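In what follows, a single structure is set out as structure tokens and then discussed.
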Amino acid sequence: AAGVIQSPRHLIKEKRETATLKCYPIPRHDTVYWYQQGPGQDPQFLISFYEKMQSDKGSIPDRFSAQQFSDYHSELNMSSLELGDSALYFCASSLGRGAAFFGQGTRLTVV
Amino acid sequence: DQQVKQNSPSLSVQEGRISILNCDYTNSMFDYFLWYKKYPAEGPTFLISISSIKDKNEDGRFTVFLNKSAKHLSLHIVPSQPGDSAVYFCAASARLETTGTYKYIFGTGTRLKVLA
């Protein structure tokens, strides 16, 4: 069965650069979530989209933005990167009340 | 403000025995609860869920118990196997009144080690 696809799997950027993470949800899922997991921490909710509209916002820095496109894929744009942005970024998708299914994540390293 | 808490950061269990992972939550609006298993550098994998209208859900070796009055849920793994060694996250979900969509809040995780 198709799963949530994230790209790239690994990304290395320098401070103050920008990064774009992509997420392709499970087909027919209507909601996409973005989470950030720092070392030794639990996944922290960043933002979610339902039917291409932002549905909820968590602890997402103003330097980050996200959107969901007409084909339901989503992109997380991160600008003015800081060392503290180094983390695993997970995308998840769900359909209605069902469980959220996660992608394999993108490991972002800011040097 | 941690709305979902897993007070045991780690747990070691002998192979074949029962593993019990606990989770507490504070928000009474949560009405759907899930457990995820996570290996290093991989995304969380959905294991089992339970709706607030139930107090137990079973799937093979995994059983989740929900005590709404205590705002507590637990995951039982019987029998435990070395391959179960991973970090387990509980998550709680509530419906957002403003958008009609759902929000998932994760606990801090418990690292389970099953000893052969």
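The values are calculated or read from the model by the stated rules, or taken from the named source; none is laboratory data. Everything numeric in this text was worked out from a predicted model, so none of it was measured. Cβ atoms come from the backbone with ideal geometry, glycine included; neighbour counts cover every protein chain shown. SASA here: full protein model, heavy atoms, side chains in, ligands and nucleic acids out. Shrake-Rupley method; radii C 1.70, N 1.55, O 1.52, S 1.80 Å.
In the set A:I26, A:I47, A:I12, only one residue is of a type in the set (V, I, T), part of a loop (DSSP other than H, G, I, E, B) and at negative phi; that residue is A:I26. Candidates are the residues of segment A:92-111 that are within 13 Å of the chain's Cα centre (by Cα) and assigned to a strand (DSSP E or B); the one that is nearest to the other protein chains (Cβ to nearest Cβ) is A:F102. Reported count of residues in segment B:5-33, each being more than 13 Å from B:H76 (Cα to Cα) and either within 10 Å of the chain's Cα centre (by Cα) or not aliphatic (A, V, I, L, M) (or both), is 18.
Picking from residues in segment A:87-111 that are without any contact (Cβ under 8 Å) to a residue 40 or more places away in the chain and surrounded by 14 or more Cβ atoms within 10 Å (Cβ to Cβ), the one that is farthest from A:G3 (Cα to Cα) is A:G98.
Among the conditions (1) on the phi < 0 side of the Ramachandran plot; (2) in contact with a His (Cβ under 8 Å, 6 or more places away or on another chain); (3) in a loop (DSSP other than H, G, I, E, B), the only one that A:Y72 does not satisfy is (1). Is at least one residue of segment A:83-106 over 19 Å from B:Y102 (Cα atoms), touching a His at 6+ places or on another chain (Cβ under 8 Å) and among the hydroxyl-bearing types (S, T, Y)? Scanning segment A:83-106 turns up at least one residue that is over 19 Å from B:Y102 (Cα atoms), touching a His at 6+ places or on another chain (Cβ under 8 Å) and among the hydroxyl-bearing types (S, T, Y). Among what's in segment A:13-40 and is within 10 Å of chain B (Cβ to nearest Cβ) and in contact with a strand residue (DSSP E or B) (Cβ under 8 Å, 6 or more places away or on another chain), pick the residue that is modelled with the lowest pLDDT. It comes out as A:D30. The set of residues in segment B:97-112 being free of Cβ contacts under 8 Å to residues at least 12 places away in the same chain and more than 7 Å from every other protein chain (Cβ to nearest Cβ) consists of B:E97, B:T98, B:G100. Screening A:Q44, A:Q37 for residues that are surrounded by 13 or more Cβ atoms within 10 Å (Cβ to Cβ), more than 23 Å from A:G96 (Cβ to Cβ) and touching a Pro at 6+ places or on another chain (Cβ under 9 Å) leaves exactly one candidate, A:Q37.
Residues in segment A:47-82 that are open to solvent by less than 40 Å² (accessible area, probe 1.4 Å), within 12 Å of another protein chain (Cβ to nearest Cβ) and of a type in the set (F, W, Y): A:F49 alone. Of the strands (runs of 3 or more DSSP E) lying entirely inside segment B:30-87, those carrying at least 2 residues that are among the basic types (K, R) and either open to solvent by 10 Å² or more (accessible area, probe 1.4 Å) or touching a Gly at 6+ places or on another chain (Cβ under 8 Å) (or both) are B:32-38.
List every residue pair whose Cβ atoms lie under 8 Å apart, where the two residues are 6 or more positions apart in sequence or sit on different chains, the first residue falls within segment B:53-72 and is hydroxyl-bearing (S, T, Y), and the second residue, located anywhere, is part of a loop (DSSP other than H, G, I, E, B). Close Cβ pairs satisfying both conditions: B:T63/B:V78. With respect to the conditions (1) in contact with a strand residue (DSSP E or B) (Cβ under 8 Å, 6 or more places away or on another chain); (2) within 9 Å of chain B (Cβ to nearest Cβ), A:Y89 lacks only one, and its number is (2).
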